[in-house]
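Taking it in order: structure first as structure tokens, then the write-up.
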Amino acid sequence: SALATGDFFGLHPGDKALQCLPVKYVAGKMMLVRAMILGLDLEFVAPNSHPLDHVDMDFDFVAMVPLQAQNSLTELKRVKKMIVGGAAVNKNLEKQLLQLPTQVYETYGMTETITHIAARKLGEKAFTVLPGVTVSYDDRNCLVIHAPRITDEVIVTNDLVELLNENQFIFVGREDNVINSGGIKLIPEQIEEKLSHQLTQRFFIASKPDAELGEKVILVIEGEAFDLPDDLYKTLDKYEKPKEILFVPKFKETENGKIIRKETLATVL
């Protein structure tokens, strides 16, 4: 995996890298492994939400979670290439990162692959797999990963994808998040993509049981209740429009800042 990352991002011995992720988790461990295998010159800072505040040098390669990237926008001009993982990069953050000279990639991976197996350059739609990895999909249109250098097992995911070829795919959404409302299958991530241009607060699309529809679409927004614009749903199809809006003071999330949807919903349903 470290070698594939080095090939994919064009890393060379002596390149300056920053270690700002906690090493008790895989992402932090992998930065150590990459440094040892690829011969990177690794600078350490305590893992926190503002990793570039206390270092004044330039870096060839940095790995961050989205919250760290958000808080480092004014300093990222000192970074040539950065990977962002652990949680999805929202549209507002992507717009801000695209204005910087830094080459920024969102990574895709899971526990079974140890670390990322694909990356998407911000501004592009498709993820491209790392060297030694190929992908296909099953009868649910869910991604299947073939990574013989990492594992002998073929990894079947619950991620709905649009497959472009054996090396590229577009992430569509999670199969286990799909909502069946009145016989219409709706993918929350697609609705969220449309609403991302309308809302600056963190939010997600979910569902709750409904006697008539089976499941009804709901919009869950982080923060105190406020008046929403009348044209909030102007980009949505009629079946996609939420039937109810819930406000949650603070979303439940992982240490990487990834929203835990079910736990968050449980606080208000």
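The values are calculated or read from the model by the stated rules, or taken from the named source; none is laboratory data. Nothing here was measured: the structure is a model prediction, and the numbers come from that model. When we count neighbours, we look across all protein chains shown, and the Cβ atoms used for this are built from the backbone with ideal geometry, even at glycine. Areas reflect the complete protein model, heavy atoms only, side chains present, ligands, DNA and RNA absent. Shrake-Rupley method; radii C 1.70, N 1.55, O 1.52, S 1.80 Å.
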Filtered residue count, the stretch 26-68, keeping only those that are open to solvent by less than 30 Å² (accessible area, probe 1.4 Å), within 18 Å of LEU100 (Cβ to Cβ) and either of a type in the set (Lys, Arg) or assigned to a loop (DSSP other than H, G, I, E, B) (or both): 4
The stretch 121-133, residues that are surrounded by fewer than 22 Cβ atoms within 10 Å (Cβ to Cβ) and not in a loop (DSSP other than H, G, I, E, B): LYS121, THR128
Hey, GLU106 more than 23 Å from VAL33 (Cα to Cα) and not β-branched (Val, Ile, Thr) or not: no
Candidate set: the stretch 210-252, residues that are within 30 Å of ALA27 (Cβ to Cβ) and free of Cβ contacts under 8 Å to residues at least 40 places away in the same chain; chosen: the one nearest to the chain's Cα centre (by Cα): LYS252
Qualifying residue in the stretch 254-264 (condition: in a strand (DSSP E or B), on the phi < 0 side of the Ramachandran plot and either among the acidic types (Asp, Glu) or open to solvent by 40 Å² or more (accessible area, probe 1.4 Å) (or both)): yes
Where a residue in the stretch 188-199 is within 17 Å of PHE171 (Cα to Cα) and touching a residue at least 40 places away in the same chain (Cβ under 8 Å) and its partner, wherever it lies, is open to solvent by 50 Å² or more (accessible area, probe 1.4 Å) and of a type in the set (S, T, N, Q), with Cβ under 7 Å and at least six apart: LYS194/THR235; SER196/ASN90
Count of the stretch 165-200 residues which are surrounded by 14 or more Cβ atoms within 10 Å (Cβ to Cβ), assigned to a strand (DSSP E or B) and either in contact with a Lys or Arg (Cβ under 9 Å, 6 or more places away or on another chain) or of a type in the set (D, E, K, R) (or both): 5
Among residues of the stretch 204-217, those that are surrounded by 13 or more Cβ atoms within 10 Å (Cβ to Cβ) and over 17 Å from PRO249 (Cβ atoms), counted: 9
Residue within the stretch 69-76 that is at pLDDT below 95, over 13 Å from the mean Cα position of the chain (by Cα), open to solvent by 30 Å² or more (accessible area, probe 1.4 Å) and not polar (S, T, N, Q) present: no
